[in-house]
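The values are calculated or read from the model by the stated rules, or taken from the named source; none is laboratory data. No experiment lies behind these values; they were computed from the predicted model shown. Counting neighbours? That spans all protein chains shown, and the Cβs are built from the backbone with ideal geometry, glycine included. Areas reflect the complete protein model, heavy atoms only, side chains present, ligands, DNA and RNA absent. Shrake-Rupley method; radii C 1.70, N 1.55, O 1.52, S 1.80 Å.
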Amino acid sequence: MGGGCEIAVACDFRFSDENGRLGITPAKLGLVYNTPGTKNVVDLVGPAKAKDILYTGRLLDAEEAFRIGLVDRIFSSDSIEKDTLDYAKLICKNAQLSVRGSKKIINEVLMGATKDSQETAQLVIDSFVSEDYREGVHSFLEKRKPNFKYS
């Protein structure tokens, strides 16, 4: 609720178990939600759903939160910790250069970018001469899983 949901919407992913209840409740306290938090909600669920969440202060169950994009995955309460860790491991097994580059570019798109900046263009160029790219190509040609070094 409230501050906890504000932290969650600032994260790359949000997971819940089937019993989850989420809400942002400043309207019930006579407060105005800040611009960065509001932008995060709008970016996730769109303006109409953000208005619904912020104007009403109501609590959403996990299924509705998933349906509108406030939650990315619903896991069973018995397995949420393991499933969340497995998801994190899936990301960690990939080239971190790619993950970080994608995050940078996605954030720029959310800020209105429609073309590469000098910085993002350089990220793309640098990726073609990276250790990660060499490992990715070699593993593909050798028909094995890549073994990226975390950097």
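Look at where the Cα atoms of region 84-151 and of region 32-54 average out, and the two centres are 29 Å apart.
Once the Cβ-Cβ distance of Ile91 and Ala10 is raised to the sixth power relative to R0 = 22 Å, the FRET efficiency obtained is 0.80.
Beta carbons within 10 angstrom, averaged per residue: use that to sort the peptides 13-24, 29-40, highest first. Intermediate results must be reported in sequence, preceding the final value.
Working: 13-24: 18.0, 29-40: 12.8.
Averaged packing, sorted descending, gives the order 13-24, 29-40.
Less than 24 Å apart at the alpha-carbon level, and either on another chain or at least 8 residues along: which lysines does that give for Lys28? Candidates past the 8-residue exclusion: Lys39, Lys49, Lys51.
Quick one: pull the percent of accessible area on the chain belonging to carbon and sulfur, 1.4 Å probe, ligands and nucleic acids left out.
Details: 6110 of 10320 Å².
Ligands and nucleic acids excluded, carbon and sulfur give 59 percent.
Full extension of the chain between Leu110 and Lys28 yields a length gain of 26.6 nm, computed as 0.36 nm times the residue separation minus the alpha carbon distance.
Could you do me a favour and compute the accessible area per residue for region 15-151, 1.4 Å probe, result in Å²? Don't skip to the end; give the middle numbers.
Numbers: 9560 Å² over 137 residues.
Result: 70 Å² of accessible area for each residue.
Any of Lys89/Lys149; Lys89/Lys145; Lys104/Lys149; Lys82/Lys149; Lys104/Lys145; Lys93/Lys143 with alpha carbons more than 22 Å apart? Name them for me. Check vs 22 Å cut-off fails for Lys82/Lys149; Lys104/Lys145.
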